[in-house]
Structure formats: C-alpha cells, structure tokens
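Right, one structure below, let's go through it.
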Amino acid sequence: MERIKCLILGGGPAGFTAAIYASRANLSPVLYEGIQPGGQLTTTTVVENFPGFPGGVDANTLMENMREQARSFGADIRQGNASSVDLSHRPYKVVIDEEKELEAETLIIATGAQARYLGLPSEEKFKGAGVSACATCDGFFYRNRTVAVVGGGDTACEDALYLASLAKKVYMIVRRDVFRASKIMQEKVFSTENIEVLWNCNTQEVLGDMMGVTGARLLRKDGTVFDIAIDGFFLAIGHTPASALFSPWVETNEAGYIVTKGKSSQTSVPGVFAAGDVQDPTYRQAITAAASGCMAARDAEKFLLEQAN
Ligand code: NDP
C-alpha cells in the first residue's frame, strides 16, 4: 500500500496552498483534486478581491497558477475522489475512487463546500434543463432571456449582476424583506435596471415542459400565489461543507463544518487537519481558504517533527 507523509484532499485555494507549503517543507505532499478540479472558485469568472491583482484575475487562471506553483515545488497532484476513510489510528487509511488504498501519516482535509438546493421535486426534475446552482457556468445559455436567482446573500447578488449582463431580465427571489448581502452588492443590484427583486417570496414549484424550465410558482408571505415566466432558475442559497466522509471521525458543528482547535487547523484527530470552506462557516473567501491551507501545512510539518522526536 502506498504510504504518504502528507495527503491533501481537495484542489481549491486551500488544498493548493497547503501543497505549496508542504512541498517546500519536504513533506512530499500528494494532493487529490476531487470532483471539481480548481474548487468552487472555478465556477466564477473574474476574482477581483484576491490581493496582488489590481485589475482582477480570471478564476481558472488563478487556480491553474496555484496548481502549477504547487507542482513546481514537487507536489504530486492527482485526479481522484476520496470514497472512504478510516481515521481510527495512524497511519490513516484513505481509499480513492473505491479502489486505490493509501496510508497517510498526516491528512489535510480541504474538500470545500457544495451548493445547496431547495429540495423541491420539480427543481430536481429540471436540474441541467434550466435549474442550476452555478450562474457563471450556465449563464451563457440565457443570453437575452429571462431568469430567476433564489437567495439574498452576496452570492445571489453577484450571480444576479452577472446574469443581468447577459439576460434580458433577472428576478431575484428573496424570502425576507431584506438582503443578507453586503451593502456594496445591494447597491449594485438596486442600480441595475433589468433586475427585479421579489421580496418575501418562496418558490413552491419550478414549472416546465419537455424543453425545460418555463416558470416558477411563488408564494408571497401575505399568502398570494403567483407565477413568473422564466427560462432559467438559479440557486444561490448557500453551501454545505463536504465533510460527510469525515464526520464519523472528526468533530463537526451542527451545520457540518469541521471544528478546528483555536487558531490552528488541527481537528479532533491528531495529525488530521482541515483547511478552507469545509471548516469555515464565516469567511469562505479564496484568500482565507488559501491562508488556512498554509496553516494546515505548517501544522502538519510541526506534527511530523514532534512525532519524529
Ligand atoms: P449566505 O449564507 O450569505 O446567504 C444565503 C442566502 O440564501 C440568504 O439570503 C438566505 O436567506 C437565502 N436562503 C437560504 N436558504 C434558503 C431557502 N431555503 N429558501 C430561500 N432562500 C434561502 O450565502 P452566500 O453563498 O451568499 O455567501 C456565503 C459567504 O460568502 C458569505 O460570507 C458572503 O459574504 C461570501 N461571499 C462573498 C463574495 C464577495 O465578497 N465577492 C461573493 C459571494 C459570497 P436569509 O437571509 O433569509 O437567511
């Protein structure tokens, strides 16, 4: 069985930064990218708030550069998804794609988070046929058409603004009478003519036919039920941390985020560290994920040194 000093799961900013630091510390890291190489950031277009890029940077380019930087220091970057783990004792066992068994002296979990859906059967039915949780991936198909974005956070505003640059009209379906988003994003939305906010509304059903989505049935808080005609239905209602595989072993909070100790990346299992969105319900930014990846690699290095002594 292959034995790895520092195994990193996840190919987003947290995982790649961990790989950069771990390879420079001679930990010979192996990183598995998982089902979404480059992580969630690759579902966006331009990243404007990553320091060092005053004109913004294309998200895919940023991730490709991080991957390349990790490789240049010797990190072994592979494709594959962890399908099971046994963290009962060191070295920890990790199975990739249900076939390749690995032993890891230290493990860095940087598996990120996944988009949430409303859970409506009609939403499920039209997934990929008008229902999407990635405006920047699928927005292109809605040029000069009408779409709706569900949610009132920064992601919903960002998605609505992006879609408004392509689509004829964008509805925002917001369940309260206020946005959760930051003031600057709210102001951008309010000053965009082809965005209409539907306050106090919940989606009862996504409507459609053989060709895909044709509308949505909404219930306003005052009891009114009404339909809107749309071609695309975009979800932007937050994320769920990709921690299910690890939660039987490491402590997680009530929302499923992996709990780390104090100002460190240490989980409840010695030698297992967590970085990025899988352990961060609060900040969830590329830069904070990258920073926590650095912490995880440094923590793994320190842990291995202590074990050797
Ligand atoms: P948030 O958790 O901030 O917002 C989720 C939104 O979806 C809220 O408006 C919430 O409503 C709504 N919502 C949740 N569940 C449902 C449901 N079942 N039905 C209808 N509406 C629902 O998630 P985001 O993804 O927007 O943001 C996550 C983090 O990432 C935040 O910290 C945000 O600031 C950050 N971010 C920053 C960006 C930037 O700086 N450029 C861009 C994108 C995200 P309610 O308010 O009623 O709970």
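The values are calculated or read from the model by the stated rules, or taken from the named source; none is laboratory data. What you see is a predicted model; the values in this text were computed from it and never measured. We place every Cβ from the backbone using ideal geometry, glycine too, and count neighbours over all the protein chains shown. Remember, those area values only see protein heavy atoms, side chains included, never the ligands or the DNA or RNA. Shrake-Rupley method; radii C 1.70, N 1.55, O 1.52, S 1.80 Å.
Take region 147-271 with all the other protein chains still there, run a 1.4 Å probe, and you get 50 Å² of accessible area per residue. Scanning residues 5 or more positions from Lys127 or on other chains, none has an amide H under 5 Å from its amide H, with H placed 1.01 Å from N in the peptide plane.
When the helix-only estimate is applied to the chain (DSSP H runs of n ≥ 4, each -39,500 (n - 2.57), divided by the residue count), what is the mean residue ellipticity at 222 nm, nearest 500 deg cm²/dmol?
Using -39500 (n - 2.57) per qualifying helix, the result is -7500 deg cm²/dmol.
Computing Rg and the Kirkwood Rh from the Cα coordinates of region 61-109 gives a ratio, Rg/Rh, of 1.06. Placing dummy labels 7 Å off each Cα toward the beta-carbon, the span from Asp97 to Arg78 is 1.0 nm.
Amide H to amide H, with H built 1.01 Å from N, Gly11 comes under 5 Å of Gly38, Gly39, counting only residues 5 or more places away or on other chains. Kindly work out what percent of the DSSP beta bridges joining two residues of the chain are antiparallel, to the nearest 5. Around 50 percent antiparallel, to the nearest 5.
Each Lys and Arg Cβ is given +1 and each Asp and Glu Cβ -1; about its Cα centre, region 53-206 then shows a dipole of about 540 debye. Using a 7 Å offset from Cα along Cα-Cβ at Asp222, what residues in region 199-216 end up with backbone N under 20 Å from the label point? Label zone hits: 199-204.
Working from Cα pairs under 8 Å separated by at least six residues, relative contact order for the chain is 21 percent. Place a label point 7 angstrom from the Cα of Ala308 along the Cα-to-Cβ direction, then list the residues of region 100-125 whose backbone nitrogen is under 13 Å away. Answer for this model: none.
In sequence order, region 52-61 has phi-based couplings of x, 10, x, x, x, 9, 4, 4, 5, 5 Hz under the Karplus curve 6.51 cos²θ - 1.76 cosθ + 1.60, θ = phi - 60°, and Gly or Pro positions carry x.
Computed from Cα positions, the angle between helix 154-164 and the longest principal axis of the chain comes to roughly 50 degrees. Quick one: pull the percent of accessible area on the chain belonging to carbon and sulfur, 1.4 Å probe, ligands and nucleic acids left out. Carbon-and-sulfur percentage of accessible area, whole number: 49.
Each part gets one Cα centre, and for region 81-157 versus region 1-50 those centres are 16 Å apart.
Contour minus end-to-end for Phe53 and Arg24, with contour as 0.36 nm per residue of separation and end-to-end as the Cα-Cα distance?
Working: separation 29, 0.36 × 29 = 10.44 nm, distance 2.40 nm.
In short, 8.0 nm is gained.
Per residue, the average separation of C-alpha pairs within less than 8 Å and at least 6 apart gives region 41-186 a relative contact order of 14 percent.
Only Cα pairs under 8 Å and 6+ residues apart enter the sum, and on that basis the relative contact order of region 267-309 stands at 40 percent. Between amide H atoms placed 1.01 Å from N, distances below 5 Å from Gln114 occur with Thr240, Ala242, all of them 5 or more places distant or on a separate chain. With distances taken between every two different alpha-carbon atoms, region 162-296 has a Kirkwood hydrodynamic radius of 18.0 Å. Segment Ala129..Gln114, full-extension length gain: 3.5 nm, with 0.36 nm per residue of separation and the alpha-carbon distance subtracted. Computed 3J(HN,Hα) for region 9-15, one whole-Hz value per residue from the Karplus formula 6.51 cos²θ - 1.76 cosθ + 1.60 where θ = phi - 60°, is 10, x, x, x, x, 5, x, glycine and proline marked x. What's the center-to-center distance, using Cα atoms, between region 206-245 and region 257-308 in Å? If we compute the Cα centre of each part, the gap is 36 Å. Using only the alpha-carbon atoms of the chain as identical scatterers, what base-10 log of I(q)/I(0) does the Debye formula give at q = 0.13 Å⁻¹? Values, matching the q order: -0.92. What the Cα convex hull of region 41-186 gives, in volume per residue, is 190 Å³.
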